[in-house]
Structure formats: C-alpha cells, structure tokens
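Note sheet for the following structure.
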Amino acid sequence: MSRYERGRAREYRAMIMLRDEGWYVARSAASHGPVDLFAAKKGRILLIQVKSGAARVKRGELKQLIEWGRNFDGDAEVWHFKGRGVIQKRRIHRGSREGPP
C-alpha cells in the first residue's frame, strides 16, 4: 500500500468516527492543502488535517490550517494516527461558535 493509500485510509477512518458521532463530513479529495476533512454539527465547524505514521505537519501547513479555522470561525485540529489504534488529536485553533465539545 502506498503512502497516499495509507493516508486516504486514515482519512476515511476519521470520517467514519466523526459520522458515528453525528457530524456531517466531507473529504477534500487528493488534498495537498491544509484541510483534509470538513465537518459540521449543530452549528459547529471542524477542520481537520490527518497525518499518520512518522508524518509531521509542516509549519506552513499549520499556519494555513489556523487561518482556515479563523476564516470559517471553526475549530482546527490535527489528527495523528500513531498506529495500533492510537490517535493523537491536537486542537490548534478554537472557533467562537457554540456547539457540542
């Protein structure tokens, strides 16, 4: 499986997790930008960059993701799939919209 395929599989896994929690989710196909997943739930917006394995978010990507969060007034997070079912979720921007945690 290529790195792209592994990354895409993690994005789909994250989408399933969010949908199971009641979020509406869309994936940015062939994303090479700062946002892999866009999610909304009861007025709250969540923008997610998904990483897996040894991949790291570059400083420029982080700045762009924060800027997207500001422009959408949404939360921006990095979800890092570490392996063996471990997911590290890091919020890098909190929007002002009220909604579920």
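The values are calculated or read from the model by the stated rules, or taken from the named source; none is laboratory data. These numbers come from a predicted model, not from an experiment. Don't worry about glycine lacking a Cβ; one is built from the backbone with ideal geometry, like all the others, and counts go over all protein chains shown.
Selection over the range 53-83 of residues that are of a type in the set (A, V, I, L, M, F, W, C), more than 14 Å from residue 94 (Cβ to Cβ) and in a strand (DSSP E or B) gives a count of 2. Consider the range 53-67 and keep the residues that are hydrophobic (A, V, I, L, M, F, W, C) and over 12 Å from the mean Cα position of the chain (by Cα). The one that is surrounded by the fewest Cβ atoms within 10 Å (Cβ to Cβ) is 54.
Checking each residue in the range 68-101 for being at pLDDT below 85 and loosely packed, with under 13 Cβ neighbours inside 10 Å picks out 83, 84, 85, 98, 100, 101. Summed over the range 57-101, the residues that are more than 18 Å from residue 21 (Cβ to Cβ) and either acidic (Asp, Glu) or touching a Phe, Trp or Tyr at 6+ places or on another chain (Cβ under 7 Å) (or both) give a count of 3. Do we find a residue being over 25 Å from residue 96 (Cα atoms), not in a helix (DSSP H, G or I) and not charged (D, E, K, R) anywhere in the range 10-28? No: zero hits. Screening the candidates 60, 43 for the property of being over 26 Å from residue 2 (Cα atoms) and at pLDDT below 95 yields one hit, 43.
The C-beta contact set for the range 1-23 (first residue in contact (Cβ under 8 Å) with a residue 60 or more places away in the chain and closer than 13 Å to residue 48 by Cβ, second residue of a type in the set (Phe, Trp, Tyr) and surrounded by 13 or more Cβ atoms within 10 Å (Cβ to Cβ), distance under 7 angstrom, 6+ apart or interchain) comprises 10/81; 14/79. If only residues of the range 63-88 that are basic (Lys, Arg) and touching a strand residue (DSSP E or B) at 6+ places or on another chain (Cβ under 8 Å) are counted, the one that is nearest to residue 6 (Cα to Cα) is 82.
Set side by side, the residues 35, 50 differ, and just one is β-branched (Val, Ile, Thr), in a loop (DSSP other than H, G, I, E, B) and within 12 Å of the chain's Cα centre (by Cα), which is 35. Picking from residues in the range 38-51 that are out of contact with any helix residue (DSSP H, G or I) (no Cβ under 6 Å at 6 or more places or on another chain) and surrounded by 15 or more Cβ atoms within 10 Å (Cβ to Cβ), the one that is farthest from residue 62 (Cα to Cα) is 41.
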